[in-house]
Amino acid sequence: MKYIIVGAVAGGASTAARLRRLDEHAEIIIFEKGEYISYANCGLPYYIGDVIKDRNKLFVQTAASFNQRFNIDVRVTTEVLSIDPAAKTVKAIKQSTGEVYEETYDKLILSPGAEPLRPPLPGINSEGIFTLRNVNDTDYIKRYVQQKHIKKAIVIGAGFIGLEMAENFHDLGLHVTIIEMGNQILAPVDFPVAAIVQQHIRSKGVYLHLNTAVTGFNKIGDEIEVGLNNGEVLTADVVILSIGVRPDTRLAVSAGLKIGTARGIWVNEFLQTSDPDIYAVRDAIEFANPITGQSMITYLAGPANKQGRICANNVVLGNVQKYHGSINTAIVKVFDMTMGTAGTASKHLKTANINHIVSTTHNGSHAAYYPDAKQMTIQIAFSPEDGRLLSAQVAGFDGVDKRLDILSSYIKQNKTIYDLIEFEHAYAPPYSSAKDPVNMAGFVAENILLERLKIFYWNEIDNIKPEDVLIDVRRKDEYDAGKISNAINIPVDEIRDRLDEIPKNTTIYIYCEAGLRGYLAQRILRQNGFDQVFNLSGGYHTWRVAAEESGMLVKEPVLVLHELAK
Ligand code: FAD
């Protein structure tokens, strides 16, 4: 058997290694147009930021070590130009000599990845404007920043890589501005969770311009002027473009392979393309999302490496293992904060017409009485019919990765919020609470499903009618320090004695800081004859952060204060 692989980084290298483990006698050739194979793309921003100091640590394997360990013919700086599926050959060019030659294959595996978008804006090819995909890009950026004594950086695009670059530049002492066209950072995440991270970024002195598009660049001396669609012009010494990537389907298209609805290479459940002798993995392919059923492209290293193994199994053993799709579990460090997401965010569930309920909870990362407990926010979406968990987003300072991975595995296994209630965790005060934040998310969701808790959301405050009542059930000092317009204050511990102050035949909206005291107040009111009582999901904390970030808080209050029933 003769296997050829195109692309020697995440998907390609892991496929090649597994092929060898399964088939000791096969001929395996891997083509890589770059100089390096099997390197840690995910570590590149941290090498630029000097967090990873030793460049060699970025390389998991070299062509020589890969050859020695796996007996694989690694051909770096050799680009595959075309595929002839009928003849089962590829044509490649050796960049050092210009030699073009053909290789035959029995099975071909494509893992050409994705390429960063570089829109045709005026001046975009000026010196000092970079995209970051590979080691060469990294070397250019690092050298440029060091040699030119860079002081000001602009990062365009607030996705995962953009935020990592912003943090790393900031930590190098640069003045950093992020420009994002959308109304929030981190597009896969829902607004209220993104808003928490946005405030954190700003608190570090990084400038964040949302709803702002770049119109062009103008290089003047060493400085780059960056024109914005609001007429402003910012200046920087270096610009990183991280506005997204697109699957590299050029080879597949020219070979006549089927391209799917998301513009990635179409593959079946065995990662086999429309040609039975050609398989494809990772950033270049699209696959049905397990939650929405819609075809989509996942640009993540974890699925890339796992697909490599599945693909090799199917190539060697004959379509024995199905790939089940990715729920896009991803995590990002933003200074000392961590934000992670798994499953399909509420906004995307809405687009896909998937009925769901969202619930936001804030809890301590571990027992409050043990030092250094940090607040953690968990937002989940689940099905109102059967409680199936559809997404989870977690933001906080400690233990976020642990909770996200737990929630991700529940989502992946089609588990429900009832399973979160029963989640059994290792507990001691430094690590968690007797009820873990994951349990708490489940408890609240169950209360919602059983209608013990009726909720409303931060962006529904404006829907409260003048005849309705909005009650802040926090302590008076908390209320005095900041409240939602038109809210009256009845602390939860006083509510039983002040029931006669609350009108019975109206809708009552309640909030506390995080949601718990609001829930308690709601239970008291509901069991005292108040039927229409709604508690603010995520409480004042979620409302304040989301309202500030959406600009709502600077608006004039629109509510008319409801007079307390006397
Ligand atoms: P790649 O790893 O990009 O490999 C494709 C290779 O194919 C490239 O080296 C390319 O040169 C080669 N190639 C393309 N066409 C040809 C051809 N015609 N002939 C020969 N060779 C060819 N994901 C995470 O999950 N977590 C992270 O923290 C994370 N951080 C990232 C940070 C950065 C800076 C980048 C760029 C990516 C990051 N990712 C992260 C994404 C992750 O690295 C990718 O999803 C993953 O590498 C995709 O694997 P792949 O094999 O499809 O493509």
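Each reported figure results from applying straightforward, stated rules to the coordinates on display, with no laboratory input. On a predicted model such as this, the values are computed, not experimentally measured, just so you know. As a convention, Cβ positions derive from the backbone with ideal geometry for all residues, glycine included, and neighbour counts pool all protein chains shown.
Key figures for this structure:
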item	result
Under-5 Å amide H pairs with Asn489, H placed in peptide plane, nonlocal only	Asp472
For region 149-201, radius of gyration divided by Kirkwood radius, i.e. Rg to Rh on alpha-carbons	0.99
Value of D in µm² per second that Stokes-Einstein yields for the chain, Kirkwood Rh from Cα pairs, at 4 °C (1.567 mPa s)	50 µm²/s
Contact order normalised by residue count of region 34-107, Cα under 8 Å, 6+ apart, percent	21 percent
Zero-based 5 Å bins, Cα pair distances in region 174-216, whole percents	6, 23, 28, 25, 13, 4, 0
For Thr261, net neighbour charge (Lys/Arg +1, Asp/Glu -1) across residues whose Cβ lies under 15 Å away	+2
Protection proxy ranking of 385-397, 121-133, 171-183, 494-506 - average other beta-carbon atoms within 10 Å, highest first	385-397, 171-183, 121-133, 494-506
Label-zone membership for region 1-24, site Asp106, 7 angstrom Cα→C-beta point, backbone N under 19 Å	1-6, 15-24
Value of [θ]222 nm, deg cm²/dmol, for the chain, DSSP H segments ≥ 4, -39500 (n - 2.57) each, nearest 500	-8000 deg cm²/dmol
Cα-based Rg and Dmax for region 448-511, where Dmax is the largest Cα-Cα distance (Å)	12.3, 34
Close Lys-Lys pairs in region 407-506, where close means Cα under 26 Å and separation is 8 or more or interchain	13
Largest to smallest principal axis extent of the C-alpha atoms in region 71-182, angstrom	55, 33, 33
With 10 Å bins from 0: P(r) over region 270-331, alpha-carbon pairs, percent	23, 55, 21, 1
Diffusion coefficient, µm² s⁻¹, Stokes-Einstein with Kirkwood Rh over alpha-carbon pairs of region 416-566 at 25 °C and 0.890 mPa s	150 µm²/s
Stretch gain in nm, segment Asp50-Lys347, where the contour uses 0.36 nm per residue and the Cα spacing is subtracted	103.3 nm
At 1.306 mPa s and 10 °C, Stokes diffusion of region 219-354 via Kirkwood alpha-carbon radius, µm² per second	90 µm²/s
Those aspartates and glutamates that a straight Cα-Cα span of less than 19 Å connects to Lys94, excepting residues fewer than 8 apart in one chain	Glu32, Glu35, Asp73, Glu79, Asp84, Glu102, Glu103
Entries of Lys57/Lys142; Lys88/Lys258; Lys33/Lys333 with Cα pairs more than 19 Å apart	Lys33/Lys333
Computed Kirkwood radius, in angstrom, where 1/r is averaged over Cα pairs of region 418-489	15.2 Å
Convex hull per residue volume in Å³, alpha carbons only, for region 10-151	147 Å³
